[in-house]
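Student: Here it is, the structure, as structure tokens.
The values are calculated or read from the model by the stated rules, or taken from the named source; none is laboratory data. Values in this document were obtained by computation on a predicted structure and should not be read as measured data. Cβ sites come from the backbone with ideal geometry, for glycine too, and all protein chains shown count toward neighbours.
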Amino acid sequence: MTRRSRLRASNPFNNDGDLPGVFDLQAWPAVDELALSDERRALFHQRKRAIHLYLEGATDVQLRTSCGLCRAHTYRLLTKRCLKQHPDGYVYGWRGLLPHIRVKTYERTTPLKLNAWSGGAVGALQWVFESPAGRGVENRLRERILGKRGELEASRRPRLSIFRWFLTELRERGFERRGEWPFTVEKRGYVTLARYIDRVLAEHPVRARELIGGLDAARKARGGDGTLRPPIAPFERVECDAHKLDARMMVLVPSPHGGTEPRMIHRLWVVVVIDVASRAVLGYHLSLRRECSAEDVLRAVRCALTPWKPRDLQFSSQAYVPGAGLPSYLLPQLSGACWNEFSVDGALANVCARVEGVLHDLVGATIIKPQDPTSYSCRRSKDDRPFVESFFGHLAAGGFHRLSTTTGSSPTAKRGADPDAAALATQFQLEYAHELLDTLIANYNATPHSGLGYRSPLEQLERWMAENRSAIRTVDPEAVRRMVGVRKLCTLLGGVNNGRRPHFNFANARYSAEWLCLRTDLLGKNFWLHLDDEDDARYAAVSTQHGIFIGVVRAAPPWHRTPHSLYVRQAIRALEKRRLLHLANHGDAVEALLRYAEDSPERKLPLHPAYLEARRILEQHAQRLAGQSMVSIVKHAEPPAANAKSTAAAATPSSPTSSPPMRRAQQW
């Protein structure tokens, strides 16, 4: 029997599960010999040659002659060092032959006896654990560190909390009364206990990551380095998320004393849909509400599915760089292109039934949610949607963080500046923020990207279309126009019994029409009411449950005059219930909201989001009636410099150019 066979027979590890590479010298972990000094490298080569000769059957004389080591010393190096189990799960192998490498932890065998300088306490914590009075302390200490709700997770100063518990536990066991360690040293063994805590956490890296780093660190550790990520084609997966703009802004409201007054508004959200493969922003929506809703997500999706056009800018005529825009503008064949996967976080606005139904039925996409079910109750990780989060960083650093009105990404980022005062001093209005956001997104799509071989997202899409011959799945434009609308099954009420006019109760309003008075056969039946234009809730289409369109109904006063959305109507009803707003029977509810927001004195809270929504709807309505944007109307209405004074003097207060842009919509 050879020495290798005898070593295998006397395997120090159990025969059922040998450590990998125990007797295979080729599989032993290697070492970097060039990192050693000349003296230590020579000693390492001497020990390594002795191991080879010993396993080949060399005698004691041969070992002494060739290596200067006896057979007993070589055997001890092999069994006590090379075949020792390493903390990584493998044997030490050649690592056990490195000079001055400890392969066995220190074990104290003599009682503690401190000298005059408090020295001689090496291995004191181990001695406490093994002493009769300290039995069970180590297990309870480990439970305290790694428990389900350990001190590391519950306390801001976890090591100090565990240290206090440890002293209390030893004090109850009589260590302080008997004058034993750690009550005989100055720091009460705090440094020793802190090192023990670090060693326990190092033995359980997964649990340590949960306790110290939290759920975000645990989720991040489960991800790979990206080398095994399958290639994704354009429009295969998109990411969608909302970002709060890091800037303060204001609006100009009419003053009862004439002119306008600046009013601060709350910070706004932008919802962005970005393609993963090309990094191109497909669509976005600037939400005027305090929190994003399902309607905001659908508006961003609709923007990604409809053709984009450059805006008429007030602050600059050359803000768009050459080739800037969204894919639907520069690549018309991608207008209405659908995607397969919609990656979002766990916010209800993203995963509600309304959004999921539209994506499934219209776009043909499935919602990709976070894998961790606990992520819905905590802060979302940026690693779940890295591409849209990276874009938000570019949007902030390359745009809004460069403004004097920026709030920064954290409370400490303002550096003593006052963004509210800067917004009022510079009169940075909401319209400017919308124009700046549109130009930043359009220019981003035309900027070279390091992750695309320094091609821009639009160039990457153009290159993909040139190489891809398969047809692109598109959506019906008419269906996209109606995707944000609301549908509800309502009952036709009224009739000859009570003498009331036939009507529908829909969305806090009563809807009726002249043709309903002649259709008494429809009373008591259920019909579908749907708003094709979500920004004009004055009219609703009526169809039967079999899908037959039968007519259009109009909202009764005070909702019949000014265009508005259901969100504006809901906000007006809420103000009315709180008796902050009073609606006349035949007045205009939207006009009452505008007067309430504009005539009220300036308060600490910003303007109501419904007021901003009403201004946006009125501006869009005026643009549709005029056939051009309000910016173009103002530019064409501006007189030449020569006769500017005479023209300004001739302008009447009722002219469209004399009132603020957002209020001109009511005069068209």
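Student: Any chance the stretch 450-458 includes a residue that's buried (at least 16 other Cβ atoms within 10 Å of the Cβ), more than 27 Å from Asn350 (Cα to Cα) and among the small types (Gly, Ala, Ser)?
Tutor: yes
Student: Just to be sure, is Arg487 touching a His at 6+ places or on another chain (Cβ under 7 Å), surrounded by fewer than 19 Cβ atoms within 10 Å (Cβ to Cβ) and among the basic types (Lys, Arg)?
Tutor: Answer is yes for this residue.
Student: State which residue pairs qualify: first residue closer than 15 Å to Leu141 by Cβ and inside the stretch 195-223, second residue among the acidic types (Asp, Glu) in any location, beta carbons under 8 Å apart, and separation of 6 or more residues or different chains.
Tutor: So the pair list comes out as Leu211/Glu153.
Student: In addition: Going through Val351, Val388 one at a time, which residue ends up being surrounded by 14 or more Cβ atoms within 10 Å (Cβ to Cβ), modelled with pLDDT under 85, under 22 Å from Ile232 (Cβ atoms) and touching a strand residue (DSSP E or B) at 6+ places or on another chain (Cβ under 9 Å)?
Tutor: Result of the check over Val351, Val388: Val351.
Student: Show the residue pairs that are 6+ apart or on different chains and have beta-carbon atoms under 6 Å apart, the first residue being within the stretch 440-453 and more than 20 Å from Phe400 (Cα to Cα), the second being among the small types (Gly, Ala, Ser).
Tutor: Cβ pairs passing all conditions: Pro448/Ser456.
Student: Within the stretch 38-86, count every residue that is in a helix (DSSP H, G or I) and free of Cβ contacts under 8 Å to residues at least 60 places away in the same chain.
Tutor: Total satisfying the criteria: 34.
Student: Looking at the stretch 211-221, is at least one residue crowded, with 17+ Cβ neighbours inside 10 Å and modelled with pLDDT of 80 or more?
Tutor: yes
Student: Considering only residues that are touching a helix residue (DSSP H, G or I) at 6+ places or on another chain (Cβ under 7 Å), of a type outside the set (Ser, Thr, Tyr) and in contact (Cβ under 8 Å) with a residue 60 or more places away in the chain, which ones fall in the stretch 399-429?
Tutor: Gly408
Student: Next question. Can you pull out the residues in the stretch 500-531 that are surrounded by fewer than 19 Cβ atoms within 10 Å (Cβ to Cβ) and assigned to a helix (DSSP H, G or I)?
Tutor: Result: Glu514, Trp515, Cys517, Leu518, Thr520, Asp521, Leu522.
Student: Within the stretch 172-195, which residues are among the hydroxyl-bearing types (Ser, Thr, Tyr) and part of a helix (DSSP H, G or I)?
Tutor: Answer for the stretch 172-195, where residues must be among the hydroxyl-bearing types (Ser, Thr, Tyr) and part of a helix (DSSP H, G or I): Tyr190, Thr192.
Student: Scanning for something assigned to a strand (DSSP E or B), crowded, with 20+ Cβ neighbours inside 10 Å and of a type in the set (A, V, I, L, M, F, W, C), does the stretch 292-299 turn up at least one residue?
Tutor: no
Student: Of all residues in the stretch 51-70 being surrounded by 14 or more Cβ atoms within 10 Å (Cβ to Cβ) and hydrophobic (A, V, I, L, M, F, W, C), which is nearest to the chain's Cα centre (by Cα)?
Tutor: Once the filter is applied, the top-ranked residue is Ile51.
Student: Follow-up question, since we're still on this one. Just for the stretch 113-132: of the residues that are touching a residue at least 60 places away in the same chain (Cβ under 8 Å) and not small (Gly, Ala, Ser), which one is surrounded by the most Cβ atoms within 10 Å (Cβ to Cβ)?
Tutor: That would be Leu125.
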